[in-house]
Amino acid sequence: MNNSVNESYDVIVIGGGPAGMTAAINAKKFGASVLIVDENDELGGQLVKQTHKFFGSKMHYAGYRGFEIGNILKEELVELEVDVLKNAVVWHIEDDEVFISFNDTSSNIKFKKIIIATGAKERPIFFPGWTLPGVLFVGALQTLVNLYRVSPGKSAVIIGSGNVGLIVSYQLIQAGIEVKAVIEKTNKIGGYRVHENKIKKLGVPIFLSAEIKSALGDKYVEGIEIISNGKTKTINTDIICIAAGMLSQNILLRTADINLVYSETYNDYLPIFNDEQILLENKNFIVAGDVCGVEEASIAIEEGRLAGLSCCEHLGLLDQKYNDLIFEIQKRLSELRDAR
Amino acid sequence: MRIFSHPILGPLEIKKEIKFEFNGRKYKAFEGDTIASALIANDIIIFRQSEIKKEPRAIFCGIGKCNDCNMTVNGTRNVKTCKTKVKEGMVIKSE
């Protein structure tokens with residue numbers, strides 16, 4: 001991996017998470033010149049803080065912890081001698097060049113194909129007192145507790161009863177933090193029964209059809225006031241953790257004037273693309289991972305593989321004998337989605 | 001606070017201790033901590049004040065997007081403490 005970059009590449013990949021890394025690996029493997037760009041200090045995206053073991057199939061690194069998968073992919077990038085630019089922010093994309101800010105300067109680099117794999121961001125929710133110290137996104141809390149082994153408080157209230165909210169509630173209890181309540185806006189629990197039962201068994205109350213009236217506290221969170229079934233309730237807590245879902249991190253698509261359309265399935269604004277992950281609007285733009293619909297790491301990995309191969313195919317680099325690979329990936333994606 | 005034992009993740013690995021300074025006082029952290037996690041380990045939960053209304057703020061997104069965790073580190077302003085690893089002898093000031 002070197003930090004010196006060329007003036008142009010066949011393929012530039014924006015985002016070094018599971019989708020971006022597998023896209024870069026496959027594009028390079030099948031003959032393209034590749035640059036991968038990431039704004040962080042290290043590649044891996046959300047994998048770096050995933051401490052739990054993945055399940056599924058061997059193709060999806062079952063049995064490995066998230067950060068281990070990140071390391072495996074990073075090593076492949078080194079072996080394949082893919083150019084990597086870290087601590088670099090792409091701030092604009094035009095038809096055939098990207099504008100990147102790094103080393104206190106800005107550079108333009110040309111591309112033939114661009115793979116946007118910028119991942120997801122958390123869905124913010126706002127309520128009086130939301131800016132108080134102690135209110136934070138579930139990703140932030142999970143990273144602090146599982147990766148760094150620290151906690152900004154001894155008790156927490158979780159906003160959102162999807163799988164993430166339920167799983168993190170369980171993880172917090174394991175870490176010795178008291179989960180006082182899970183607050184759900186709708187009238188039913190969002191996550192799977194298995195997670196719901198785990199925390200119910202531990203005595204965590206789940207409030208449905210609940211609305212947040214206000215976070216309480218002067219200099220930091222001391223409690224939360226909610227309205228559930230018409231009744232106002234005050235819960236003492238140090239932490240208010242927002243687990244209200246994830247959204248595509250699509251700002252680069254917007255700066256490139258790509259049309260985003262509301263998707264009911266994902267409850268998000270996404271670009272329109274074909275089954276080779278190529279944007280209908282611009283065939284040199286390819287997407288992969290959560291940016292084209294938040295799902296999960298195994299899907300991000302397969303979409304990354306597909307994006308890399310699809311680039312090589314359209315650049316005329318892909319040997320005919322590999323044509324089946326694209327079809328195989330599409331089949332696996334279909335199976336993964338059916339299973340969800 | 002620091003979480004020393006965890007039923008799944010096991011006991012905290014013994015790591016090298018790092019000394020740093022925050023708002024004039026000396027603190028300890030472990031190698032591998034970010035500035036944010038080092039402060040939280042030392043029970044510092046207010047990170048900065050908002051510019052105009054001087055309201056308390058602290059880490060929010062944890063991935064370097066929201067700027068709520070910014071502090072001045074070794075003289076450089078607006079350093080994202082959630083993404084920056086703490087180093088021996090760092091001088092950190094809240095903004």
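Side notes on the structure shown:
- Condition broken by A:K121, with the remaining ones in (1) at the interface with chain B (Cβ under 8 Å from one of its Cβ atoms); (2) in a strand (DSSP E or B); (3) farther than 19 Å from B:K65 by Cβ satisfied: (3)
- Qualifying residue in the stretch A:311-333 (condition: farther than 18 Å from A:E122 by Cβ, in contact (Cβ under 8 Å) with a residue 12 or more places away in the chain and in contact with a Pro (Cβ under 7 Å, 6 or more places away or on another chain)): no
Residue-wise test of (1) surrounded by 21 or more Cβ atoms within 10 Å (Cβ to Cβ); (2) within 12 Å of chain B (Cβ to nearest Cβ).
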site	(1), (2)
A:I36	yes, no
A:E42	no, yes
A:Y61	yes, no
A:Y64	no, no
A:E68	no, no
A:N71	no, no
A:L77	yes, no
A:V82	yes, no
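- Residue count for the stretch A:136-145 under the criterion of being within 7 Å of chain B (Cβ to nearest Cβ) and touching a residue at least 12 places away in the same chain (Cβ under 8 Å): the result is 5.
- A:P128 being within 27 Å of B:R57 (Cα to Cα), facing chain B (nearest Cβ under 10 Å), not hydroxyl-bearing (S, T, Y) and not in a strand (DSSP E or B): no
- Taking the stretch A:218-260 and the strands (runs of 3 or more DSSP E) fully enclosed by it, the elements with 2 or more residues that are without any contact (Cβ under 8 Å) to a residue 40 or more places away in the chain and surrounded by 14 or more Cβ atoms within 10 Å (Cβ to Cβ) are at A:223-228.
- Residue count, the stretch B:40-95 (criterion: hydrophobic (A, V, I, L, M, F, W, C), at the interface with chain A (Cβ under 8 Å from one of its Cβ atoms) and in a loop (DSSP other than H, G, I, E, B)): 9
Per-residue answers, yes or no, for (1) out of contact with any Asp or Glu (no Cβ under 6 Å at 6 or more places or on another chain); (2) at pLDDT 90 or above; (3) not small (G, A, S):
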| residue | (1), (2), (3) |
| --- | --- |
| A:S33 | no, yes, no |
| A:Q50 | yes, no, yes |
| A:S57 | yes, no, no |
| A:G63 | yes, no, no |
| A:F67 | yes, no, yes |
| A:I72 | yes, yes, yes |
| A:V84 | yes, yes, yes |
| A:H92 | yes, yes, yes |
| A:V98 | yes, yes, yes |
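- Residue in the stretch A:287-303 that is more than 18 Å from the chain's Cα centre (by Cα) and in contact (Cβ under 8 Å) with a residue 12 or more places away in the chain present: no
- Considering the stretch A:154-174, and only residues there that are part of a loop (DSSP other than H, G, I, E, B) and surrounded by fewer than 22 Cβ atoms within 10 Å (Cβ to Cβ), the residue that is nearest to the chain's Cα centre (by Cα) turns out to be A:G162.
- Within the stretch B:1-33, tally of residues that are facing chain A (nearest Cβ under 7 Å) and either in contact with a Lys or Arg (Cβ under 8 Å, 6 or more places away or on another chain) or at pLDDT 95 or above (or both): 7
The values are calculated or read from the model by the stated rules, or taken from the named source; none is laboratory data. Predicted, not measured: the structure shown is a model, and the values here were computed from it. Note that each Cβ is placed from the backbone with ideal geometry, even for glycine, and that neighbours are counted across all protein chains shown.
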